[in-house]
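The values are calculated or read from the model by the stated rules, or taken from the named source; none is laboratory data. What you are looking at is a predicted structure, and each value in this text was computed from that prediction instead of being measured. Every residue, glycine among them, receives a Cβ derived from its backbone with ideal geometry; neighbour counts consider all protein chains shown.
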Amino acid sequence: MLMNIKPVYHARNISFRRSGRKVLDDISITIEAGELTALIGPNSAGKSTLLEILLGLVKNETGSILLQQRPLSDFSPTELATTVAYLPQQHETHWPISVYDYVALGRIPHNRFARAASKDDIMQIEQVIDKTDIRHLITRPVTNLSGGELCRVSIARVLAVNADVIMVDEPIAGLDPSHQLSVMQLLKNEAESGRAVVTVIHDLSLACRFCDTLWLLDKGKMVCSGTADKVLTDEHLRQVYQVTSKIIQSSPIKVIMPWERISE
């Protein structure tokens, strides 16, 4: 069950360098519960690094981060792992455990490697198996799954944490259109249930369709944030992506299509 306190991230004036190069420069963001937020921008814009800093995996050089009105540094590793669930960009599997056991790994922050799963663990696992429509896969080894199947199973593992905040890094990369829509709808449903959900995504049309708030990063700086109408403008696409765009508006649906690369 979600906490009654509204889960919110507040990050202010975040900067970070890697190998002497400034990766993030004075970034300030707010993540609200009940919203699906897209982190967009070209390659090397700093999107994945920002997620890692919000997760406490990388230490920011400047600025402050509050999670649920508490400094991020106040959270113990176990408490943070039960509050924020994370799916990294690379989620390959190397051990042929069953899909069911792989999903059950999401309960580790709660049971701390207990020998037997609790009733609550089993309930959460069963719920996310049905929610992600993977029951027909639960006996198969994860090493024998297709890319689309592994993506859904990995998301099921993340959902099994039952965290207030979910962060996923490029979950639809390499998936066919059907699986892309399925994954985005899953994330949207989690946001509508009251969670704060953040995803790194490159497909601007899907970001426009499914996400409530967009952050546009470029060269480590926040270019713009807000609704798709505010962020996905022809001016911003020219400035950040160096492309012209076709914008098809048919209320309430807006489709953004990168159209031509601007010659240098």
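Assorted remarks:
- The set of residues from segment 210-223 being part of a strand (DSSP E or B) and surrounded by fewer than 18 Cβ atoms within 10 Å (Cβ to Cβ) comprises 221, 223.
- Between 166, 201, the distinction of being touching a helix residue (DSSP H, G or I) at 6+ places or on another chain (Cβ under 7 Å), aliphatic (A, V, I, L, M), under 22 Å from residue 105 (Cβ atoms) and at pLDDT 95 or above belongs to 166 only.
Condition check ((1) touching a strand residue (DSSP E or B) at 6+ places or on another chain (Cβ under 7 Å); (2) under 24 Å from residue 75 (Cα atoms); (3) modelled with pLDDT of 95 or more) across all residues:
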site: 2; (1), (2), (3): no, yes, no
site: 12; (1), (2), (3): yes, yes, yes
site: 19; (1), (2), (3): no, no, no
site: 38; (1), (2), (3): yes, no, yes
site: 56; (1), (2), (3): no, yes, no
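- Segment 171-186 residues that are without any contact (Cβ under 8 Å) to a residue 12 or more places away in the chain, paired with ones that are of a type in the set (D, E, K, R) and not in a helix (DSSP H, G or I) (beta carbon under 9 Å, 6 or more apart): none
- Hits in segment 232-264 - residues which are free of Cβ contacts under 8 Å to residues at least 60 places away in the same chain, surrounded by 13 or more Cβ atoms within 10 Å (Cβ to Cβ) and not in a strand (DSSP E or B): 232, 233, 234, 236, 237, 238, 239, 242
- Residue 81 being assigned to a strand (DSSP E or B), in contact (Cβ under 8 Å) with a residue 24 or more places away in the chain and on the phi < 0 side of the Ramachandran plot: no
Per-residue answers, yes or no, for (1) modelled with pLDDT of 90 or more; (2) touching a Ser or Thr at 6+ places or on another chain (Cβ under 9 Å); (3) surrounded by 13 or more Cβ atoms within 10 Å (Cβ to Cβ):
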| site | (1), (2), (3) |
| --- | --- |
| 73 | yes, no, no |
| 97 | yes, yes, yes |
| 101 | yes, no, yes |
| 110 | no, yes, yes |
| 124 | yes, no, yes |
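- Residue within segment 167-186 that is more than 30 Å from residue 21 (Cα to Cα) and in contact with a strand residue (DSSP E or B) (Cβ under 7 Å, 6 or more places away or on another chain) present: no
- Candidate set from segment 143-153 (those that are closer than 13 Å to residue 97 by Cα and surrounded by fewer than 23 Cβ atoms within 10 Å (Cβ to Cβ)); member that is nearest to the chain's Cα centre (by Cα): 150
- Taking first residues from segment 131-150 that are part of a helix (DSSP H, G or I) and partners that are among the basic types (Lys, Arg), the Cβ contacts under 9 Å between residues at least 6 apart in sequence or on separate chains come to 137/152; 149/140.
- Residue among 102, 86 that is assigned to a helix (DSSP H, G or I), in contact (Cβ under 8 Å) with a residue 12 or more places away in the chain and under 23 Å from the mean Cα position of the chain (by Cα): 102
- Subset of segment 61-71 that is part of a loop (DSSP other than H, G, I, E, B) and out of contact with any His (no Cβ under 9 Å at 6 or more places or on another chain) - its residue that is surrounded by the fewest Cβ atoms within 10 Å (Cβ to Cβ): 61
- Filtering 196, 207 for residues that are closer than 30 Å to residue 157 by Cβ, at pLDDT 90 or above, touching a helix residue (DSSP H, G or I) at 6+ places or on another chain (Cβ under 9 Å) and surrounded by 15 or more Cβ atoms within 10 Å (Cβ to Cβ) leaves a single hit, 207.
- Checking each residue in segment 105-123 for being closer than 16 Å to residue 81 by Cα and either in contact (Cβ under 8 Å) with a residue 40 or more places away in the chain or part of a helix (DSSP H, G or I) (or both) picks out 105, 106, 107, 108, 109, 110, 111, 121.
- Residue match in segment 134-142 (condition: crowded, with 22+ Cβ neighbours inside 10 Å, more than 24 Å from residue 57 (Cβ to Cβ) and out of contact with any Asp or Glu (no Cβ under 8 Å at 6 or more places or on another chain)): no
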